[in-house]
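Note sheet for the following structure.
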């Protein structure tokens with residue numbers, strides 16, 4: 001039995017964890033500039049009935065501390081009834097609220113829009129109730145619509 005467990009562990013160690021963050025982090029590339037993408041995303045979220053809570057500018061903070069990074073903003077947003085219902089499903093969902101999307105620009109000038117797949121919440125917060133899973137699915141669709149809309153020319 002110890003040999004079997006050792007073999008399984010060896011397989012995981014040899015394969016590594018991989019770089020397949022696409023399962024948990026939804027990645028999108030924008031053909032627009034950084035600021036244009038950020039503004040389009042803010043508007044698209046509001047059109048999906050989300051309330052934008054705050055836009056955190058990581059570059060501004062980095063610049064104030066003499067650290068060089070490319071432009072990066074976190075858009076925090078919520079839909080109060082949805083957020084409250086998800087927290088009622090499991091109090092640890094409060095760590096996900098407000099929801100977040102990052103817009104960042106690479107050194108090559110590529111603008112990315114990324115967010116944690118809301119379906120991942122059901123795993124990390126052990127959500128099994130059908131009503132709660134339905135709300136997670138609806139939130140997934142609404143965030144995807146907003147992001148997709150913001151990326152259109």
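The values are calculated or read from the model by the stated rules, or taken from the named source; none is laboratory data. Predicted model only: the values in this text are computed from it and were never measured. Quick reminder, even Gly has a Cβ in these numbers, built from the backbone with ideal geometry, and neighbours come from all protein chains shown.
Could you say whether any residue in segment 39-52 is assigned to a strand (DSSP E or B) and either modelled with pLDDT under 95 or more than 17 Å from residue 138 (Cβ to Cβ) (or both)?
The first filter runs over segment 39-52 and keeps only residues assigned to a strand (DSSP E or B), leaving 51-52.
Cutting the leftovers down to either modelled with pLDDT under 95 or more than 17 Å from residue 138 (Cβ to Cβ) (or both) gives us 52.
Looking for residues that are assigned to a strand (DSSP E or B) and either modelled with pLDDT under 95 or more than 17 Å from residue 138 (Cβ to Cβ) (or both), one finds at least one in segment 39-52, hence yes.
Can you tell me which residues in segment 96-147 are closer than 23 Å to residue 47 by Cβ, more than 14 Å from the chain's Cα centre (by Cα) and surrounded by fewer than 16 Cβ atoms within 10 Å (Cβ to Cβ)?
Of everything in segment 96-147, those that are closer than 23 Å to residue 47 by Cβ, more than 14 Å from the chain's Cα centre (by Cα) and surrounded by fewer than 16 Cβ atoms within 10 Å (Cβ to Cβ) turn out to be 134, 137, 138.
Mind checking which residues of segment 53-73 are over 18 Å from residue 139 (Cα atoms), under 18 Å from the mean Cα position of the chain (by Cα) and not in a helix (DSSP H, G or I)?
54, 55, 56, 57, 71, 72, 73
Can you tell me which of (1) outside any helix (DSSP H, G or I); (2) closer than 22 Å to residue 28 by Cα; (3) modelled with pLDDT under 95; (4) in contact with a helix residue (DSSP H, G or I) (Cβ under 9 Å, 6 or more places away or on another chain) is the one residue 115 doesn't meet?
With (1) outside any helix (DSSP H, G or I); (2) closer than 22 Å to residue 28 by Cα; (3) modelled with pLDDT under 95; (4) in contact with a helix residue (DSSP H, G or I) (Cβ under 9 Å, 6 or more places away or on another chain) applied to residue 115, the lone miss is (3).
Can residue 87 be described as free of Cβ contacts under 8 Å to residues at least 24 places away in the same chain and in a strand (DSSP E or B)? Talk me through it step by step, then tell me what you get.
On the way: free of Cβ contacts under 8 Å to residues at least 24 places away in the same chain: yes; in a strand (DSSP E or B): no.
Judged against the criteria, residue 87 is not a match.
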